[in-house]
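The values are calculated or read from the model by the stated rules, or taken from the named source; none is laboratory data. These numbers come from a predicted model, not from an experiment. Please note: Cβ atoms are built from the backbone with ideal geometry, for glycine as well, and neighbour counts cover all protein chains shown. Side chains included, ligands, DNA and RNA excluded: accessible areas come from the protein's heavy atoms. Shrake-Rupley method; radii C 1.70, N 1.55, O 1.52, S 1.80 Å.
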Amino acid sequence: MLFMSKQFIRLLVMLLGITLLDFIFFELAQSSNTLIPVSPLEYLSSYQQFLFQMFQGDFGTIHPSNEAILQQFFIKLPASLELIIPSILIAWLVGVPLAVMAVKKPLGWVDRIVQFLGSLIYSLPVFWWGLILLIIFSTGLEWFPVGGRLDYIYDIQTQTGSALIDTLLSTQSYANEAFFDALSRTFLPILTLAMLPTAYITLQIRSHLEETLQYDYMKSAKARGMSHSRIIWLHGLPNAIQPVLNSMSLQFSMLITSTIIVEFIYSWPGLGHWFLVLVQRQDYLALRGALMLIASAILLANTVTDILKYWSNPRLQR
Amino acid sequence: MALYIDRFGEAKIIHPFQGLWHLYKLNNAAMFGLLILSIVVIVLILTPVFAPYEADRQFINALFSPPSWAKNGHIEYLFGTDELGRDIFSRVLIGGRTTISSAMLVILMASSVGVTLSLLGTSIGGWLDKSISWFFELLLTFPSLITSLLVVALLGPGLFNAVIAVAIAMIPLFYTTTRSETLNQMRQPYFAAAQLDGAKGLRLLTSTLIPNISNPIFIQFSLSLSSAILEIATLGFLGFGAQSPQTEWGTILGESRAYSYQAPWVIWLPGLSMFLTLFAIKLVTDGVRETLEYDQQLK
Amino acid sequence: MACLLSDCSNQNSLSLREKSVVYCSEASPATFNPQQSTTSISSDASAKLLFDTLVESETDAKEIKPALALSWTVSQDQLHYVMDLRPHVQFGSNKLFTPTRDFNADDVIFTFNRQRDTQHPFHAVGTGHYPFFYANNLDYIIKDLKKITPLQVEFILKKPTPGFLGLLAMDFSSIQSQEYAQNLLQNKSSFDLFPIGTGPFQLERYETDTFIRYHAKTNYWRKAPEIQTLVFAITQEPSLRLARLLTGECDIMAQPLPSQSQIIESHKDLTLDRQPSFNVAYWAFNTLRPPFNQLKVRQALSYAISRHAIINSVYNNAAIIAKSPLPPNMFGATTPLPFIQQDREKSKALLKEAAWDPDFVVDIWAMPVQRPYNPDAKKMAELMHHDLAAVGVKSRIITYKWEVFLDKVSKGQHQTVLLGWRADNGEPDDFLTPLLSCNGRMNGTNRAFWCDQEFDHFIDQARQAPKEQKLQLYKEAQDRFKSQLPWLPIAHAEQLIAYRKNIQHLTFTKTGGINFSQISKSKEKE
């Protein structure tokens, strides 16, 4: 309980820090347009105003269309999650078995292939890879549609922001077909996005597994007659996963960077694409609010992973 | 000094670096990476020799010429030409130079600021150190792309601004790595021993601390090199980095998107070069790291 | 398509596809109000789709046809125009509004007073700028509007204006609903965000930068459209646009890149249409900024550029070199002699005479989006950068996101800029006044910020003059332009559009706009 409350306080303090940074960013951006000398007291009061507004849920509006930032954020978030969550799942569901397979016979041909491919995929620039997939599978073989979220023919109301859910909720006669259309469009983006985390998890777990298996107690377990597989899965993995969980926030950073790029290439209406458009438009007021929300989401996710890390590691709990 | 047993079973005493090199040579993947990397480095340094034309020389009569090995390709344009008739091979070489040298500049800037701040902080200690460290931890939770995009939003697009933006985004990484390593080393008994011996201040820093944290920092350097290259190229691809007619790998790819039907080779070839370079860097970095680890284990 | 996972012969969606047309547009509209729009995409997305004008002049600027006005009488002194309005014309409806009355004189008065009366409650709504109204001097021309009967409106002018009916036919004279405005007094910005008009389609939904959905109105006063749904699929990336056309996601593709024409023409299901269009792409020098205020500098830089190369690589030869601001098929266009051709030696000589500073860097502002008159300004700028370097002039290319770009250029923050113009009607005045007059400078549409009394004198006179004298006056104006060279006219581009073979009756205005009102779609041949 103490830990949780400490984490919560830490989160709040971080959020406050972000508001300050965000506010400074906005002021810097504004001042490049107008050079009105402002006294420090005025800055303080505008900062206060900024905080109050956010408290009341007003994060600003987007310039020509007057849409509320907060509302747009919650519509775009599910769209990004449609890509992020499957990618994380794939990374773990594919990465762990691959790592286990590889480490069974260290330096065997499976191991060599897995390591080589892993390094290969890890070095693939995300934006290049996404373009190549588009060229091969969409414009080339025509297996998949070329980007966008849903075929324009379908008139589906945006209720949650996740097209998969919205099509299922829709009352139109073609709702089911629209669902499958939305589904088919997730393939390439998820494939592109999942590559990097999968390679990373595979390599990391394999390397930590190899380390762990060399400990003496492993050898004693083997002496007691446990099968190799059992040793790996029951004893090796939990220890190998630990350091990987520790680097979750780094992985998460990489994932978000990749998400921004993937959304850009596939015209996916998620948070990354939204952020890019706001930066391009130099809509600083909108950016101020949007940044605050995105930053809060990231911090929240980090806090959650910190808590998970803590719970899964008995050593930290002492 | 290291002890080395050569093929004939004779023991020799050799310089530590030589020992490391022998270890490194055992790693096939790392050697492969080194080979590729050496080729890349040579080609990039000697670009003026290798590149047949200037990056923005336009051959109006040879627009969208496919690579030389394709049906309608010409040997003068090894990798083909783009929509303005510019030779892709030259652009890949010159663009690579821009990307990689910018990335190195980024690392230089980020590491000098990050490492210095960190060392200063740990030496001074107290609440100043704690607040700076807290500040950088906060920044670290942000994906570097977001930070660099924001800086570029403030400064405007362009290669130089992109370099500054990515450097700022990478400072927290160097800061925290240095700091954690420093704190780690400071807890070691040898450190206290050195202090008891009378070392303090600058001498403590230079002879005791720095030699022991240089390994991890060097590894961070090389890891960050690929990240820096990717970041600069990503900013170029998104349109915020180097602007035409400046040539940079990401910018080339970003602008070729519109022609992916007419000239897919403009996407394949520059991207492949970038990929190979990054792959080679990764193999070499991993190789060096493993070598250093084995070396530690052997001790 | 998504046939891997679903049963593609689903009856529901088949009939849906037959009744819908998807148009891949190249940009997002800046506004749905034709009075305030300055970009072709905004007009395409609003004017002919959502609204009607009092009169029409499609084929020839001289031939005025009735539209919302059935007939009209012009007084002897040409100062009074009485328009008899068409009865039983209905406005559309949306979530915010259902009309309780038909179109009448109040709507006409609202439409024009909003633009001319700066105190009008709706004047400042939206962008608050009415570029066409003011560029055409309507604030000086119109003295008053009077409602005579519910279906009769009188325009009272201050001075005789021969082209007045032609102005009423332009997009900016589209009639808006006064009743809708009344309902929205507490929520004025919605008036332009959720437009209501008498046109063939009603705006259903706009997802910013993603798509615009329209549905056809069954109560349209002309023949109702044959399709039920029209969707603008906003796709800025040209290869993605083509991909959508090829896979059938889009039925029509806006502005194919000239280099894509081969792929389109060789595809069995697609058609590529080329239309010579009234447009011009130019390189404007900001004459308020030294050294571009010097004629020699402007001439020198112009002589350095090879327009042949530009036509070849940027336009893929789907354009002709521009010899005047006016496209050659437009009434009044002449080819002033002598005609500038690339001449590096002459350029260098002029640079020397002008005491050119070799360290000065010329900023070429290039737009990031594709326009009907210029498929790739950045490429054009790169070619020019090369040409300038060959005569020893340094240059660099500057660009911003489109809205930001336009904003900065209207404020004169540029040194030189690559822009262009697409005609709104067949009149030379539509080009020359906004682009090159002193009035245009005040409005921001004159990108060279050039104000020349002699030039203005010619075009002012030409506006009022009878036809026989117009030719001569426009020739003088163009000669003056040529001698002062505030811009280098670069090209007149062909208008390209690609669509699937089963689309019929897609019409184009001579000015390059797209008209969907008659469109129909037959079954795709398997």
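Among the residues examined, C:K475 qualifies as open to solvent by 50 Å² or more (accessible area, probe 1.4 Å) and either part of a helix (DSSP H, G or I) or on the phi > 0 side of the Ramachandran plot (or both). Of the numbered conditions (1) within 17 Å of the chain's Cα centre (by Cα); (2) closer than 26 Å to B:L276 by Cβ; (3) open to solvent by 20 Å² or more (accessible area, probe 1.4 Å), B:A110 fails exactly one; give the number of that condition. Result: B:A110 passes all but (3).
Residues of segment B:257-267 being open to solvent by 10 Å² or more (accessible area, probe 1.4 Å), in a helix (DSSP H, G or I) and in contact with a Phe, Trp or Tyr (Cβ under 9 Å, 6 or more places away or on another chain), which ones? So that I can check it myself, show each step before the final result.
Of segment B:257-267, the ones open to solvent by 10 Å² or more (accessible area, probe 1.4 Å) are B:257-262, B:264-265.
If we keep only those that are in a helix (DSSP H, G or I) too, we end up with B:257-259, B:265.
B:R257, B:Y259, B:W265 - these are the residues of segment B:257-267 that are open to solvent by 10 Å² or more (accessible area, probe 1.4 Å), in a helix (DSSP H, G or I) and in contact with a Phe, Trp or Tyr (Cβ under 9 Å, 6 or more places away or on another chain).
Could you please find all residues in segment B:126-138 being within 12 Å of chain A (Cβ to nearest Cβ) and either touching a Gly at 6+ places or on another chain (Cβ under 7 Å) or buried (at least 19 other Cβ atoms within 10 Å of the Cβ) (or both)? Hits for segment B:126-138 are B:F136, B:L138.
Residue count for segment C:375-392 under the criterion of being more than 9 Å from chain B (Cβ to nearest Cβ), under 30 Å from C:R241 (Cβ atoms) and either touching a Gly at 6+ places or on another chain (Cβ under 7 Å) or part of a loop (DSSP other than H, G, I, E, B) (or both): the result is 1.
Select from segment B:120-164 the residues that are over 23 Å from A:S247 (Cα atoms), out of contact with any helix residue (DSSP H, G or I) (no Cβ under 8 Å at 6 or more places or on another chain) and in a helix (DSSP H, G or I) and list them in ascending order.
Restricting attention to segment B:120-164, the residues satisfying the condition of being over 23 Å from A:S247 (Cα atoms) are B:120-129, B:149-164.
Checking which are out of contact with any helix residue (DSSP H, G or I) (no Cβ under 8 Å at 6 or more places or on another chain) leaves us with B:120, B:124-127, B:156-158, B:160.
Hits for segment B:120-164 are B:L120, B:I124, B:G126, B:W127, B:F160.
If I filter segment A:124-141 for residues that are closer than 20 Å to A:A297 by Cβ and either among the β-branched types (V, I, T) or not in a helix (DSSP H, G or I) (or both), do I get at least one hit?
Looking only at segment A:124-141, we keep the residues that are closer than 20 Å to A:A297 by Cβ, and these are none.
No, that holds for no residue.
Among the conditions (1) within 7 Å of another protein chain (Cβ to nearest Cβ); (2) at pLDDT 85 or above, the only one that A:G147 does not satisfy is (2). Is it the case that C:L168 is under 14 Å from C:Q35 (Cα atoms) and not basic (K, R)? Yes.
Restricting segment A:155-206 to residues that are crowded, with 22+ Cβ neighbours inside 10 Å and facing chain C (nearest Cβ under 9 Å), the residue that is farthest from C:E204 (Cα to Cα) is A:R185. Please go through segment A:162-194 and pick out each residue that is in contact (Cβ under 8 Å) with a residue 60 or more places away in the chain, assigned to a helix (DSSP H, G or I) and closer than 24 Å to A:G130 by Cβ. Correct list: A:A163, A:L164, A:L188, A:P189, A:I190, A:T192, A:L193, A:A194. Checking each residue in segment A:248-266 for being more than 7 Å from every other protein chain (Cβ to nearest Cβ) and closer than 19 Å to B:L235 by Cα picks out A:M254, A:L255, A:S258, A:T259, A:V262, A:E263, A:I265, A:Y266.
Among the residues of segment C:221-234, the one identified as under 17 Å from C:S46 (Cβ atoms) and away from chain A (no Cβ under 11 Å) is C:P225. Give the residues of segment C:1-48 that are facing another protein chain (nearest Cβ under 8 Å), modelled with pLDDT of 85 or more and under 17 Å from C:I227 (Cα atoms), sorted by residue number. Selection gives C:S20, C:V22. Can you name the residue in segment A:131-143 that is open to solvent by less than 10 Å² (accessible area, probe 1.4 Å) and over 28 Å from B:S222 (Cα atoms) and is also nearest to the other protein chains (Cβ to nearest Cβ) among such residues? Among residues in segment A:131-143 that are open to solvent by less than 10 Å² (accessible area, probe 1.4 Å) and over 28 Å from B:S222 (Cα atoms), the one nearest to the other protein chains (Cβ to nearest Cβ) is A:S138. Scanning segment C:206-220 for residues that are at pLDDT 90 or above, facing chain A (nearest Cβ under 10 Å) and open to solvent by 20 Å² or more (accessible area, probe 1.4 Å) returns C:Y206, C:F211, C:H215. If you go through segment C:291-347 and keep only what is assigned to a helix (DSSP H, G or I) and within 14 Å of chain B (Cβ to nearest Cβ), you end up with C:R307, C:H308, C:A309, C:I310, C:I311, C:N312, C:S313.
Looking across segment C:128-153, just one residue is among the polar types (S, T, N, Q), open to solvent by 30 Å² or more (accessible area, probe 1.4 Å) and closer than 30 Å to A:P64 by Cβ, and that is C:N137. With respect to (1) modelled with pLDDT under 90; (2) more than 30 Å from C:D363 (Cα to Cα); (3) buried (at least 21 other Cβ atoms within 10 Å of the Cβ); (4) small (G, A, S), the lone exception for C:A224 is condition (3).
Output yes when any residue across segment C:297-308 is closer than 23 Å to C:E26 by Cα and in contact with a helix residue (DSSP H, G or I) (Cβ under 8 Å, 6 or more places away or on another chain), and no when none is. Explain how you work it out, then say what you get.
Keep residues of segment C:297-308 that are closer than 23 Å to C:E26 by Cα, which gives none.
Scanning segment C:297-308 turns up no residue that is closer than 23 Å to C:E26 by Cα and in contact with a helix residue (DSSP H, G or I) (Cβ under 8 Å, 6 or more places away or on another chain).
Within segment A:81-102, residues that are within 24 Å of A:W274 (Cα to Cα) reach partners that are buried (at least 24 other Cβ atoms within 10 Å of the Cβ) and of a type in the set (V, I, T) with beta carbons closer than 8 Å, at six or more positions or on different chains, in the pairs A:L83/A:T259; A:L83/A:V262; A:I84/A:T259. Any residue at all in segment C:489-508 that's closer than 18 Å to C:R298 by Cα, of a type in the set (G, A, S) and crowded, with 17+ Cβ neighbours inside 10 Å? Among the residues of segment C:489-508, at least one is closer than 18 Å to C:R298 by Cα, of a type in the set (G, A, S) and crowded, with 17+ Cβ neighbours inside 10 Å, which makes the answer yes. Among the candidates C:A381, C:A423, the residue that is within 18 Å of C:I490 (Cα to Cα), at pLDDT below 90 and not β-branched (V, I, T) is uniquely C:A423. Restricted to helices (runs of 4 or more DSSP H) entirely inside segment B:1-87, those with at least 3 residues that are open to solvent by less than 50 Å² (accessible area, probe 1.4 Å) are B:16-25, B:28-45. Summed over segment A:105-130, residues that are more than 7 Å from chain B (Cβ to nearest Cβ), within 23 Å of B:L145 (Cβ to Cβ) and open to solvent by 50 Å² or more (accessible area, probe 1.4 Å) total 1. Quick check: anything in segment B:165-186 assigned to a helix (DSSP H, G or I), of a type in the set (S, T, Y), more than 13 Å from chain A (Cβ to nearest Cβ) and over 30 Å from B:T99 (Cα atoms)? Yes, because at least one residue in segment B:165-186 is assigned to a helix (DSSP H, G or I), of a type in the set (S, T, Y), more than 13 Å from chain A (Cβ to nearest Cβ) and over 30 Å from B:T99 (Cα atoms). Within segment C:235-259, being modelled with pLDDT under 90, more than 10 Å from chain A (Cβ to nearest Cβ) and more than 23 Å from the chain's Cα centre (by Cα) holds for one residue alone: C:S259. Scanning segment C:409-448 for residues that are basic (K, R) and either open to solvent by less than 40 Å² (accessible area, probe 1.4 Å) or more than 19 Å from the chain's Cα centre (by Cα) (or both) gives C:K411, C:R422, C:R447. Taken over segment B:239-258, the criterion of being farther than 12 Å from B:P157 by Cβ and aliphatic (A, V, I, L, M) is satisfied by B:I252, B:L253, B:A258.
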